[in-house]
Amino acid sequence: KALENFLSSYKLLQRLGNSARTIGSLNNIGNVYRAMGNLDEALLYYQRAHDLYEKEGDKSQALEPITSIGNVYFEQEDYDKALESYFEALEIERSNKNLYGQAFALNHIGIVYNRKGEYTTAIGFQRQAFKLARSIDSKPLLMEIYKSLSESCIANDDPLSAYTYLQFYTQLRDSINSDRVQAR
């Protein structure tokens with residue numbers, strides 16, 4: 001049903017000529033295919049979103065399709081192509097001066113290097129991501145970075161640092177969950 005609705009939305013946005021929302025719509029369609037396990041179809045829609053972004057030149061829309069492409073390559077264990085996508089996203093977010101986007105891309109680069117067994121490199125990128133995320137106080141992103149840093153440190157045979165990052169992750173997760181409960 002979600003796919004049906006996103007396809008209808010895409011057709012409408014395309015007729016209206018709203019490229020920014022069309023890019024988001026294409027990405028959403030890709031997300032549904034990815035959730036369904038159809039990575040090839042997801043990649044096609046992410047690539048269409050990326051191509052439209054390239055054509056329109058709207059750099060504010062770049063992060064989502066490019067990182068989504070990287071995520072598919074990561075799931076397919078094509079780590080070199082995943083890195084290409086994440087590095088492309090990082091460069092665009094640097095030119096946008098988007099600290100959140102930079103931290104997001106740096107963390108994903110670190111995750112790929114961790115998977116490749118290059119733990120020191122992974123930790124270096126993840127620490128850069130941490131500094132940026134902390135500077136903008138993005139708690140959800142910090143939580144992701146703590147978790148990935150913990151995983152990289154344990155893989156790098158540094159259990160003390162891994163444990164410390166895992167504690168920070170748990171504390172932040174509990175704090176965010178507590179805030180959500182109080183907001184209800």
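Per residue, the chain exposes 55 Å² of solvent-accessible protein surface, assessed with a 1.4 angstrom probe and all protein chains in place.
Shape of segment 27-125 from its Cα gyration tensor (a ≥ b ≥ c, root eigenvalues): rounded if a/c is under 1.5, otherwise prolate when a/b > b/c, or oblate? Here segment 27-125 falls in the oblate category.
Direction-averaged projected area, Cα convex hull, segment 79-184: 6.9 nm², rounded to one decimal. Once the Cα atoms are used to define both axes, helix 159-183 deviates from the longest principal axis of the chain by about 60 degrees. Here the Debye sum runs over all C-alpha atoms of the chain as equal scatterers in vacuum, and log10 of I(q)/I(0) at q = 0.11, 0.13, 0.15 Å⁻¹ comes out as -0.54, -0.75, -0.95. For segment 51-169, lysine pairs separated by 8 or more sequence positions, or belonging to different chains, with Cα-Cα distances below 17 Å total 6. Determine the share of the chain's accessible area contributed by carbon and sulfur atoms, expressed in whole percent, with a 1.4 angstrom probe. The nonpolar share, carbon plus sulfur, comes to 49 percent. Angle of helix 63-75 to the longest C-alpha principal axis of the chain, folded into 0 to 90 degrees and rounded to 10: 70°.
Summarising the label geometry, the points placed 7 Å from Cα in the beta-carbon direction at ASP137 and SER175 lie 1.0 nm from one another.
Protection proxy ranking, highest mean first, for peptides 78-90, 139-151: 139-151, 78-90, where packing is the per-residue count of other beta-carbon atoms within 10 Å, averaged.
The values are calculated or read from the model by the stated rules, or taken from the named source; none is laboratory data. Being a predicted model, the structure only gives us computed values, none of them experimental. With ideal geometry, Cβ positions are generated from the backbone for all residues, glycine too; neighbour counts draw on all protein chains shown. Heavy atoms of the whole protein, side chains included, go into the accessibility calculation; ligands, DNA and RNA do not. Shrake-Rupley method; radii C 1.70, N 1.55, O 1.52, S 1.80 Å.
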